[in-house]
Amino acid sequence: MKKLLVFFVISALLVSKVMVAGDLQVTPVTSTAKKIVVYTTADNTKYRITATDTLFLTYFGQPLETQPCVFVDPSKTFQTIIGIGGALTDASAEVFSKLPKARQEELLTQYFDVKKGIGYSMARTNIHSCDFSSNSYTYVADKDASLSTFSVGHDREFRIPFIKRAIAAAGGQLTLFASPWSPPAWMKDNNDMLHGGKLLRPFYQPWADYFVKFVTAYQAEGIPVWGISVQNEPMAKQIWESCIYTAEEERDFIKNFLGPTLARAGMKDKKIIAWDHNRDLIYQRASTILDDPDAAKYVWGIGFHWYEDWTGGGKIFDNVKRVAEAYPATHLIFTEGCAESFKFTAMNDWKWGETYGRSMINDLNNGTVGWTDWNILLDEKGGPNHVGNLCFAPVHANTVTGELSYLSSFYYIGHFSKFIRPGAKRIISSTSRGQFLTTAFLNADGKIAVVVMNQSNEKIPYRLWIAGEAVEIVSPAHSIQTLVAE
């Protein structure tokens with residue numbers, strides 16, 4: 001960082017030659033060049049995270065209002081990224097198992113190899129079944145409150161081998177967290193894993209013990225578990241696995257059962273993620289839990305999804321910022337998002353990528369430290385899903401032909417995951433045009449990654465400014481670019 005700042009100071013000092021010819025003019029003097037590599041993905045082109053230009057920063061003088069600009073200030077740093085990735089569900093694992101070996105290797109490389117692919121560094125998985133499982137199941141026998149029958153044997157067929165291969169493809173390290181969709185039916189007041197219901201008070205402790213059993217079992221399989229969320233979507237009564245917690249109930253479960261149980265088991269290092277639901281109620285949930293010091297001491301972060309615009313009101317990005325402002329010591333993590341209502345004919349719609357880009361830029365600019373997509377792979381029908389809740393993934397497999405289809409969302413996510421690596425710190429990036437969205441990060445190796453998304457139908461020339469120097473770039477219509485300053 002010090003070397004980078006020294007470079008900018010020296011660059012500024014080199015701009016010293018002036019000449020007078022009627023009006024005072026500044027003759028641009030190129031400083032010791034700093035290279036900018038431009039990677040582009042654009043609609044109606046073949047560009048898919050394609051290196052489209054190599055440029056060098058130079059002095060341009062005062063920017064004008066008529067010149068579209070993106071301004072970057074590496075001297076102002078904010079949150080540190082822990083990872084970007086997606087979910088390794090039963091559905092993804094089952095579809096993966098049906099692929100030919102060559103396509104399996106392709107998928108793993110494309111997702112997890114940072115040089116040849118998009119370098120996923122974070123993943124989520126489900127604690128027993130969720131909607132994206134072929135059936136409902138748990139890890140214990142019916143009414144076994146002692147959990148003596150606990151076994152993850154079910155997951156050894158597809159999911160555990162899949163996760164282990166993903167870890168290997170990621171270079172041996174993948175930040176993995178796990179989420180439950182519902183306790184076993186006999187622990188709930190509706191005696192059903194589906195359709196909401198609540199965890200019965202007598203089973204708060206056995207359910208907390210269940211988390212410990214899961215972490216222990218997966219680690220025995222060679223899969224380190226970095227963290228857990230308390231409950232997937234705790235305010236949603238779904239036709240699939242679901243369970244309702246009020247904010248007070250989640251707070252009390254954390255402080256009286258889950259937190260102490262993990263601590264007694266020697267698992268204080270496991271990160272507890274609260275909420276794990278939409279942006280709409282995030283502040284009320286976060287404040288209820290974090291204003292209680294006995295609960296807050298166990299909570300690493302607040303997780304959130306993007307499905308809150310069911311009323312047609314649009315995304316409420318500022319609610320994430322409100323939590324960051326009020327509780328700066330607590331981390332924010334995006335834990336799930338997908339394009340719903342799967343239709344095969346809509347697979348090539350460009351809007352899927354732009355939906356991801358818009359969310360990721362806003363969430364990162366509002367303080368998010370980790371971002372995880374939903375299923376990384378689904379079949380040609382948008383499943384399997386045992387209740388017909390089909391949706392899109394960034395990659396779909398045709399289980400008949402074995403072919404893979406990459407949606408625009410895959411490449412849009414890749415513009416972040418490939419270039420913004422764990423340990424990167426967010427820096428200032430601002431734009432002079434409403435057609436652009438932007439965010440920027442300073443990686444641990446000193447490289448700056450600036451993401452610029454053009455939501456418009458226009459091709460827009462613009463300048464990237466970094467500490468008084470700039471390069472001229474063209475942003476194609478409906479595109480996303482990552483500008484890497486090396």
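Values computed for the structure shown
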| read-out | value |
| --- | --- |
| Label-to-label distance, nm, for residues given as D192 and N44 (7 Å Cα→Cβ offset) | 5.0 |
| Length-normalised contact order for the chain - Cα pairs under 8 Å, 6+ apart - percent | 21 |
| Unit charges on C-beta of K, R, D, E only; dipole of the chain, Debye | 1320 |
| DSSP bridge orientation in the stretch 82-419 - percent antiparallel, rounded to nearest 5 | 15 |
| Positive-end extreme of charge dipole, the stretch 82-419 - chosen from Q110, W306, A274 (charges on Cβ) | Q110 |
| Förster radius 22 Å - calculated FRET efficiency between T216 and K164, Cβ distance, rounded to 0.05 | 0.85 |
| Sparse-neighbour loop sites [trypsin sites (Lys or Arg not before Pro); the stretch 310-399; at most 12 other C-beta within 10 Å; DSSP] | K343 |
| Cα-based helix-to-principal-axis angle, 2-14 vs the chain, degrees rounded to 10 | 20 |
| Positive-end residue, the chain charge dipole about Cα centroid, Cβ charges, pick of Y283, S148, N365 | N365 |
| FRET E, pair S134, K237, Förster distance 35 Å, beta-carbon r, rounded to 0.05 | 0.95 |
| Nearest-ten-degree value, helix 204-220 long axis tilted from longest Cα axis of the chain | 60 |
| Expected-Rg normalisation [2.2 N^0.38 Å, Cα atoms] applied to the stretch 262-340 | 1.17 |
| Debye intensity ratio I(q)/I(0), log10, the chain, q values 0.05, 0.08 Å⁻¹ (C-alpha model) | -0.20, -0.50 |
| Length-normalised contact order of the stretch 350-427 in % [C-alpha pairs under 8 Å, at least 6 apart] | 33 |
| The chain: calculated mean residue ellipticity at 222 nm from DSSP helix runs of at least 4, using -39500 (n - 2.57) | -7500 deg cm²/dmol |
| Helix 101-112 axis, angle to the chain major axis (alpha carbon atoms, nearest 10°) | 60 |
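We did not get these values from a lab; they are worked out from the coordinates using the rules stated. The structure displayed is predicted, hence computed values, not measured ones. Neighbour counts are summed over all protein chains in view; Cβ atoms, including those assigned to glycine, are modelled from backbone coordinates with ideal geometry.
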